Structure formats: C-alpha cells, structure tokens
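Student: Got a structure for you, questions after.
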Amino acid sequence: MFKFKPVPPAIGALIATVTALAAVMAAEASGQETLQVERAGTAGARTVILVPGLATPGAVWDGTVAQFENTADMHVVTLAGFGGVAPAERSAGVIETAVNDLAALIDREELTDAVIVGHSMGGQIALQLAAARPGAVTDVVVVDSAPFFARLFNPAITAEQAAAFGQATAAQMAAMDRDTYLAQSRMGLPIQSITAEGQAQVMAWVEASDPATVATAFGEVAGSDFSPVLADVAADVTVLVAWAPGAPVGAEALAGVYASQYAGLESVEVDVIEGSRHFIMLDQPDAFGERLAAVIGNGEGE
C-alpha cells in the first residue's frame, strides 16, 4: 500500500494537484503503507519519479526538487522503514514491493514519457520499473548503482554465491544490537559522501531508519542479480558513476566496470562524475543537475 501526498510549495513553483491513491498491495488489509509519494514541481511538465536508496528518505532529493521546480512534475518516493517513515509488513521483498507500488502509480495516474531516477538501491528499482512499464518509462537515470551489485566488488562471483552472501549479511545485520549497527554504519560514511556535512546527513537518515528493514533490503541489494531484466528495458538509460581521488581504480577503469554491467541494454550512456562519493546529488549537485536536465529536455514531447 502506498500514500500519495503533496509537499509544501516552493516559491514560484506550481504544485501539482494531488489525489489520494488507493491501496494496491497486500499490506492494504492492515492499513500499512509500504511506500509514500510526495508530488512537487510544475503540473503538465515532464514526469520525473525520484527513488532514493537504502535507508534514505525522499528528502535526499530536496536539492533536485529545488533545481527542477519549474521544469518537471516530480514524484518523490520514500519507502516504509527508511528515514523516519514507519516500517511496514510486506508480502514480497522490499525491492519487489517498491516496483509493484510504483507500477501501480504509473497505471493509476496514466503517466507517460516518464523519467525514473534511482540512487543506489533505487537504481535497481528504476531498471525493473522501466522493464515492467516500457510504454510509460522512456528514460532512466541510475545514480551510482548496478544491476548485479556484488559483481562490482567481485567480478567472478556467481548469482548463487551472491544470494548466499546477501542472506548471510542480512541475518548478521538483523542480529546486531543498535549500537553495533550504528557503529558499523559510521565506519562506512567516508564512501557515502566526500564532505563532513554529507556524511552527517547520511548518518542521520540511517539513525532514523528501521534496522530490520535496512537489513532485509541490503540483503536484496547485495544478494540479487537483476541483470536479466535489462533485456526488457526499452528506455534510454544514463548511468552516473561516482569517482574521487583515492578510489581504488581510476575513473576510466571504473567506467568500464559499470559499462560491463549494462551491456545488455539497447541504449545506455555511462558518465563518471568526478569529485564525488556515492551520494552524487549531495556531493556534486550542479553536475548531477546538468545531467538530469539534459535527460528531461530530451523527452518525447520536446
């Protein structure tokens, strides 16, 4: 089940009219919300659905919303259990449920020529949504993500090995007490953002997220090979890859690693954003906005 509500209007922006969407998932019986969508920007402009990543709320896109308030009709997503939103029971996995919820949103709102922007886990959701609704989704922007996450770190890993790793890691995370869980999260902050401010913001979102939901979702991200879905993606795909000095490989080599993951697509462009860690939209908002503006401006109606 998901909730659809408006966000407060930004100065000078036209806020799109919002109607409450009916519940569509198995969680409907308990009244739980598995996903929330806030809508902002300009009614009638090109549709952009912004999907955050693990343990991250829709607020991660606040800068993006401000940049495109006059040129896009934005649907800002937050998954239940992330960034202060209450957790919810799901009849399927976190990723599968999100894809189903967003597909239902597209159907009910009769959205067309949509751009799906997904960061990290949200990138995996975006690719599957494009495959599920090829007639409605014409562009995907993947922000520092890949369909087979585990293979970014181990090129020889098999889907079966990755699944075992994901399950074991999720169980390990779920068994941690809160202090240990947060301590482990803090250790990973330097790869999330290049700035102290960005790292603090990411940590605040982690602290506000439900550890059980995060553990389950991380197991899906790390343990799944979503590469087969690429054959069903007809949309143009732009992949933004974060790179900064000190990375274990050079920018060109990293671009090659990501390009190999997307080889099954008909139309894909891999673009390295330098001077950034994982949260490109926080570390390099201008560069991110420039790439997204190019995609939005290349819509079918342009």
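Student: Is at least one residue of the range 150-173 in contact (Cβ under 8 Å) with a residue 12 or more places away in the chain and at positive phi?
Tutor: Looking for residues that are in contact (Cβ under 8 Å) with a residue 12 or more places away in the chain and at positive phi, one finds none in the range 150-173, hence no.
Student: Could you run through the range 247-280 and say how many residues are in a loop (DSSP other than H, G, I, E, B) and under 18 Å from the mean Cα position of the chain (by Cα)?
Tutor: Qualifying residue count for the region: 5.
Student: Sticking with this structure for a sec: Which one is least open to solvent (accessible area, probe 1.4 Å) among residues in the range 211-246 that are of a type in the set (D, E) and part of a helix (DSSP H, G or I)?
Tutor: By that ranking, first place goes to E220.
Student: For the structure I just gave you, tell me whether S120 is under 22 Å from G256 (Cα atoms), touching a residue at least 60 places away in the same chain (Cβ under 8 Å) and open to solvent by less than 10 Å² (accessible area, probe 1.4 Å).
Tutor: Against the criterion (under 22 Å from G256 (Cα atoms), touching a residue at least 60 places away in the same chain (Cβ under 8 Å) and open to solvent by less than 10 Å² (accessible area, probe 1.4 Å)), S120 does not qualify.
Student: Just to be sure before I move on: is V272 closer than 26 Å to A55 by Cβ and either among the β-branched types (V, I, T) or crowded, with 21+ Cβ neighbours inside 10 Å (or both) in the structure I sent? Lay out the reasoning, then the answer.
Tutor: Details: closer than 26 Å to A55 by Cβ: yes; either among the β-branched types (V, I, T) or crowded, with 21+ Cβ neighbours inside 10 Å (or both): yes.
When the stated conditions are applied, V272 passes them.
Student: Another one. Could you check how many residues of the range 138-164 are open to solvent by less than 10 Å² (accessible area, probe 1.4 Å) and closer than 15 Å to H119 by Cβ?
Tutor: Total meeting the criteria: 7.
Student: Checking G135 against (1) out of contact with any helix residue (DSSP H, G or I) (no Cβ under 8 Å at 6 or more places or on another chain); (2) open to solvent by 10 Å² or more (accessible area, probe 1.4 Å); (3) small (G, A, S); (4) touching a residue at least 24 places away in the same chain (Cβ under 8 Å), which single condition isn't satisfied?
Tutor: Looking at each condition in turn, G135 falls short on (4).
Student: Considering only residues that are within 21 Å of the chain's Cα centre (by Cα) and of a type in the set (S, T, N, Q), which ones fall in the range 168-194?
Tutor: T169, S185, Q192, S193
Student: List pairs: first residue in the range 286-302 and closer than 17 Å to D73 by Cβ, second residue among the small types (G, A, S) and modelled with pLDDT of 95 or more anywhere in the structure, Cβ distance under 6 angstrom, at least six positions apart or on different chains.
Tutor: I296/A72
Student: Another question, then. Looking at the range 146-156, which of its residues are assigned to a helix (DSSP H, G or I) and either in contact with an Asp or Glu (Cβ under 7 Å, 6 or more places away or on another chain) or not charged (D, E, K, R) (or both)?
Tutor: Those that are assigned to a helix (DSSP H, G or I) and either in contact with an Asp or Glu (Cβ under 7 Å, 6 or more places away or on another chain) or not charged (D, E, K, R) (or both): F149, A150, L152.
Student: Checking the conditions here, which among Q201, Q167, Q192 is open to solvent by 70 Å² or more (accessible area, probe 1.4 Å), of a type outside the set (D, E, K, R) and closer than 28 Å to V270 by Cα?
Tutor: Q201
Student: Hey, can you tell me all the residues within the range 100-117 that are within 30 Å of L152 (Cα to Cα) and either surrounded by 24 or more Cβ atoms within 10 Å (Cβ to Cβ) or of a type in the set (K, R) (or both)?
Tutor: Scanning the range 100-117 gives D101, L102, A114, V115, I116, V117.
The values are calculated or read from the model by the stated rules, or taken from the named source; none is laboratory data. Quick caveat: nothing in here was measured; it's all calculated off a predicted structure. When we count neighbours, we look across all protein chains shown, and the Cβ atoms used for this are built from the backbone with ideal geometry, even at glycine. Side chains are part of the model used for accessible areas, which takes the heavy atoms of the whole protein and leaves out ligands, DNA and RNA. Shrake-Rupley method; radii C 1.70, N 1.55, O 1.52, S 1.80 Å.
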